[in-house]
Amino acid sequence: MFEKFGRLLHRRRKPLLILTVLFAVLSGAYGAGVFGSLTPLGFQDPGSGSERAARIAEKAFPQRTPDAVIVYRDEDRTVDDPSFQEAVVKQVESLPTADVTSYMHYWQTKMPAQVSHDRHATYVGLNFHGSSEKAKEDAYKAVMDQIPAPGLQTLQGGTVPTGHQAGEKIEHDLRIAEIISAPVLFLLLLVVFGGMAAAFLPLIVGVLSIIGSMAVLRTIANITDVSVFSMSLVTILGLAVAIDYGLLIVSRYREELDRGYTGEAAIGRTVATAGRTVMISGTTVAVALAGLSLFPSTFLKSMSYGGVAAVVLAVLFSLVALPAVLAVMGPKVNAFSLRRKKAVRPTAPGEGSWYRFGHGLMRRRWVVVVGAVGLLVTLALPFSKIDFGSINAQQLPSSSEGRQVFNAMEHDFDGDAVKSIDSLLVLKSDGTAKEQGAALQAYAERLGATEGATGARISGIEGTTARVSVTYDGNPISNHARDLVNRIKEVPAPPGAQAYIGGESAIYDDTLDALGETLPWMLLYIAVMTYILLFLAFGSVLLPLKAIAMNMLSLTATFGVLVWIFQDGHLNGLLGFDPTGNIEPNMPIMLFALIFGLSMDYEVFLVSRMREQYDKQGDSTEAVATGLNSIGRLVVSAAVLMCVPLAAIGMSDVLTIKLFGVGMVFAVLTDVLVVRILLGTAVMRLLGRAAWWAPAPLARFYDRFGIKETDEPDDDTADKPVPVTVG
């Protein structure tokens with residue numbers, strides 16, 4: 001099938017190139033506005049009780065949960081100065097009501113917590129029009145330039161401004177990453193291929209994948225919420241994966257030219273071999289990323305949308321557009337060579353540094369296995385003490401206004417005036433009625449007596465809606481606060497009332513519960529689908545198990561290093577970040593799916609060649625050595641190339657994006673160099689012929705439907721191999 005498809009691509013190369021250019025122009029024009037369609041944050045479970053509580057509070061008590069916290073400061077005047085008061089109040093009250101639905105300032109509430117310790121600053125809470133994060137951000141953008149008060153230092157923070165600032169910062173950092181990555185990737189590709197023409201081709205696939213994914217994301221964003229963080233995955237993954245696949249296709253095409261095949265035969269053989277590998281590899285990555293859509297949070301769903309789009313388009317352009325370009329170029333793919341031309345001589349059996357290296361690893365297989373596993377387990381140890389935390393302004397650099405407001409609220413004020421665990425009650429009758437009021441008071445007393453609470457009070461009544469606020473000591477995202485939330489949930493609500501527990505602690509607790517409930521299903525889905533795909537690739541019942549087991553070693557080692565760096569704060573000076581003491585819980589899940597998929601990418605690259613050699617030779621040890629010799633250098637090159645854009649995004653000032661970039665660089669290099677090449681080669685020798693074993697019915701199924709690379713010539717011998725000289 002792939003052989004025929006490749007030949008069809010050759011015959012239809014010109015129309016395909018015209019369609020590719022048209023797609024690039026249209027999707028580029030449409031996808032350019034994607035950032036304006038994305039929403040900030042999205043880390044919570046939108047169907048949780050805490051989110052329901054937030055919606056009830058938004059409608060009944062909007063002044064309680066401000067969307068923005070604006071700090072006004074004057075170094076000379078205090079809040080007691082009438083001119084200070086006039087400047088703040090006049091500016092706040094002048095904000096258009098179409099965008100700002102309510103405000104809360106000190107001279108209105110008389111709350112001492114809204115005045116700084118030195119009395120030279122105050123904060124104002126603002127609420128924006130809109131029922132979604134995107135709508136609120138649009139309302140904020142409409143008034144953000146009107147918020148600063150003349151003569152006062154003004155800092156804009158809180159949920160909505162911080163999310164907006166994060167989106168702008170991510171967009172800026174992605175553009176910088178692209179600017180840095182492109183020339184570095186080209187230079188490395190130039191080294192790999194030794195020619196300028198070939199070096200450009202994988203970059204073209206990467207660009208097509210990125211602009212296509214941006215158009216897909218904008219389309220999805222018109223239907224449902226898509227997090228701004230997904231753009232980091234689209235940009236970096238689209239570029240990295242496309243270059244890996246482009247590298248594989250171009251390299252294989254040049255091999256076919258070296259063997260003397262030209263024209264339709266060369267393209268057909270390239271798609272039949274490397275094309276099959278790209279298809280199964282891309283499918284494996286896409287399947288793993290699709291598992292993120294099982295989670296309720298907008299963040300993980302968005303990562304699934306963006307990741308799957310980037311990978312699918314990378315596969316599509318690698319299998320359609322790239323072969324069409326190669327069909328037009330033909331031997332000119334070797335144009336502008338930087339190497340001296342030489343006659344091609346096939347590598348004889350037993351030759352090649354990778355062949356000798358593979359045999360060396362297999363002779364010392366037990367030393368390699370013990371050493372590699374010991375190293376990975378040691379790196380994984382810090383993962384056992386991971387602490388989770390919610391996303392907040394600490395993700396931003398200290399120079400951002402949102403981060404400065406966060407720091408001011410932590411250090412300059414007597415605590416957050418809106419910090420509490422709130423029980424939002426939907427009552428059976430008006431809350432001001434005598435009988436209902438007595439029931440509410442009794443409920444508040446029960447909440448105040450809950451272990452871990454320091455008190456509780458009725459903080460609002462609006463018709464049949466009431467709010468009881470529970471105070472406590474400690475961090476809102478601590479285990480202490482989570483335990484208190486769960487104890488409060490167990491307290492019976494007033495007769496006939498429905499209680500929804502809200503506040504930062506409740507949101508955090510619900511987020512962890514939602515992730516914990518869905519994670520086993522995602523793991524099961526990925527394991528089953530990966531096993532099936534790898535069986536189709538390898539024709540073995542043991543190799544998929546080996547690959548999954550080694551993936552877990554690679555993943556836990558990566559998570560251990562991330563905890564050691566980002567939670568414990570090691571290397572923070574070198575990497576340029578302020579440690580928060582915790583890890584946002586959505587990030588390990590997103591990284592799990594991504595790293596798992598990409599690890600299988602390299603597994604397929606390597607073991608497919610080994611399977612090809614085993615089918616020819618019937619000797620497992622020789623198959624491993626010759627397979628490693630044929631593709632080992634290419635796999636390492638692909639890993640290094642993938643790390644370039646990942647390292648570039650790791651330079652971001654947004655902590656979540658930095659963690660993503662640094663984690664992926666470590667994961668890719670560790671997985672390829674330690675897990676796939678060292679440990680994988682040694683384990684293959686330990687398994688021996690058993691590595692390729694399958695029960696007879698499954699073996700017949702693989703023979704018929706397996707996805708294999710083969711060097712056997714196609715039945716169509718219209719294009720005969722002829723000797724050629726290449727650069």
| Estimated distance in nm for a label pair at SER132 and ARG119, the labels positioned 7 Å out from Cα along Cα-to-Cβ | 4.7
| task | Mind listing the long-range amide H neighbours of GLY502? Cut-off is under 5 Å, sequence gap 5 or more, other chains count too, H placed in the peptide plane at 1.01 Å from N. | result | ASP422, SER423, LEU424
| Excluding GLY360 itself, what net charge comes from residues whose Cβ is under 15 Å from its Cβ, given Lys and Arg +1 and Asp and Glu -1? | +3
| query | Taking Cα pairs under 8 Å and at least six residues apart, what relative contact order does the chain come out at, in percent? | reply | 20
| request: Report, to the nearest 10°, how far helix 434-448 tilts away from the longest principal axis of the Cα atoms in the chain, using its own Cα long axis and a range of 0 to 90°. | output: 60
| note | Mean separation of Cα contacts under 8 Å (at least 6 apart) over the residue count of region 632-706, i.e. the relative contact order in percent, is 25
| said: Starting from the Kirkwood Rh over alpha-carbon pairs, what translational D in µm² s⁻¹ does region 73-225 have by Stokes-Einstein at 10 °C and 1.306 mPa s? | reply: 81
| query | What is the helix-to-structure angle for 655-670, meaning the angle in degrees between its Cα long axis and the longest Cα principal axis of the chain, kept from 0 to 90 and rounded to the nearest 10? | reply | 20
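Out of every Cα pair in region 176-320, what percent are spaced more than 18 Å from each other?
Distances greater than 18 Å cover 58 percent of the Cα pairs.
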| query | Tilt of helix 276-290 relative to the longest C-alpha principal axis of the chain, in degrees (0 to 90, nearest 10)? | reply | 10
| query | Along the principal axes of its C-alpha atoms, what lengths does region 556-713 span, in descending order and rounded to whole Å? | reply | 56, 30, 27
| query | Using the heavy atoms of the protein chains alone and a 1.4 angstrom probe, what is the accessible area of the chain per residue in square angstrom? | reply | 40
| query | Quick one: Kirkwood hydrodynamic radius for region 462-523, alpha-carbon pairs, angstrom, one decimal? | reply | 13.3
| query | To the nearest 20 debye, what is the magnitude of the charge dipole of the chain about its Cα centre, counting +1 on the Cβ of each Lys and Arg and -1 on the Cβ of each Asp and Glu? | reply | 3460
| query | Using 7 Å Cα-to-Cβ label points, what is the HIS480/GLN153 separation (nm, one decimal)? | reply | 3.2
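Could you work out the longest stretch of the chain that avoids the GluC sites (Glu not before Pro) located in DSSP loops with at most 16 other Cβ atoms within 10 Å?
It runs 452-727.
Between rounded, prolate and oblate, where does the chain land on the alpha carbon gyration tensor, with a ≥ b ≥ c its root eigenvalues, rounded for a/c under 1.5, else prolate if a/b exceeds b/c?
Because a/c hits 1.5 or more and a/b exceeds b/c, the chain counts as prolate.
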| message | Helix-only mean residue ellipticity at 222 nm, the chain, DSSP H runs n ≥ 4 weighted -39,500 (n - 2.57), per residue, nearest 500. What is it? | response | -19500 deg cm²/dmol
| field | Around ALA639: net Lys/Arg minus Asp/Glu count, Cβ-Cβ under 14 Å | value | -2
| message | Roughly how far apart, in whole Å, are the Cα centres of region 554-606 and region 169-190? | response | 21
| message | Would any residue of region 132-153 have its amide N under 18 Å from a label point 7 Å out along Cα→Cβ of LYS90? List them or say none. | response | 146-153
| task | Apply 1/(1 + (r/R0)^6) to the Cβ-Cβ distance of ALA335 and ILE180, taking R0 = 35 Å, and write down the FRET efficiency to the nearest 0.05. | result | 0.80
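Using 0.36 nm times the number of residues separating HIS570 and LEU686, minus their current alpha carbon distance, what extension gain do you get?
Using 0.36 nm per residue and subtracting the Cα-Cα distance, I get 38.0 nm.
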| note | Quick calc, region 242-285, dipole around Cα centre from Cβ unit charges on Lys, Arg (+) and Asp, Glu (-), nearest 20 debye, gives 80
| said: Could you give me D for region 1-135, from Stokes-Einstein at 37 °C and 0.692 mPa s, where the hydrodynamic radius is the Kirkwood radius over C-alpha pairs? Units µm² s⁻¹, please. | reply: 165
| request: May I ask for the net charge around PHE128, where only other residues with Cβ less than 9 Å from the Cβ of PHE128 are counted and Lys, Arg are +1 while Asp, Glu are -1? | output: -3
| When all C-alpha to C-alpha distances in region 243-302 are sorted into bins of 10 Å, what percent of pairs does each bin hold, rounded to whole numbers? | 22, 34, 20, 15, 8, 1
| remark: Heads up, region 516-649 by the C-alpha gyration tensor (a ≥ b ≥ c square roots of eigenvalues; a/c under 1.5 rounded, else a/b over b/c prolate, else oblate) looks oblate
| task | Evaluate the distance, in nm, between pseudo-label points positioned 7 Å from the Cα of ALA197 and of ASP414 along their respective Cα→Cβ axes. | result | 7.7
| said: Just to confirm my numbers, what's the Cα centroid distance between region 472-527 and region 652-687 in Å? | reply: 34
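The values are calculated or read from the model by the stated rules, or taken from the named source; none is laboratory data. Bear in mind the structure is a predicted one, so any value in this text is a computation, not a measurement. Here Cβ is always computed from backbone atoms with ideal geometry, including for glycine, and neighbour counts include all displayed protein chains. SASA here: full protein model, heavy atoms, side chains in, ligands and nucleic acids out. Shrake-Rupley method; radii C 1.70, N 1.55, O 1.52, S 1.80 Å.
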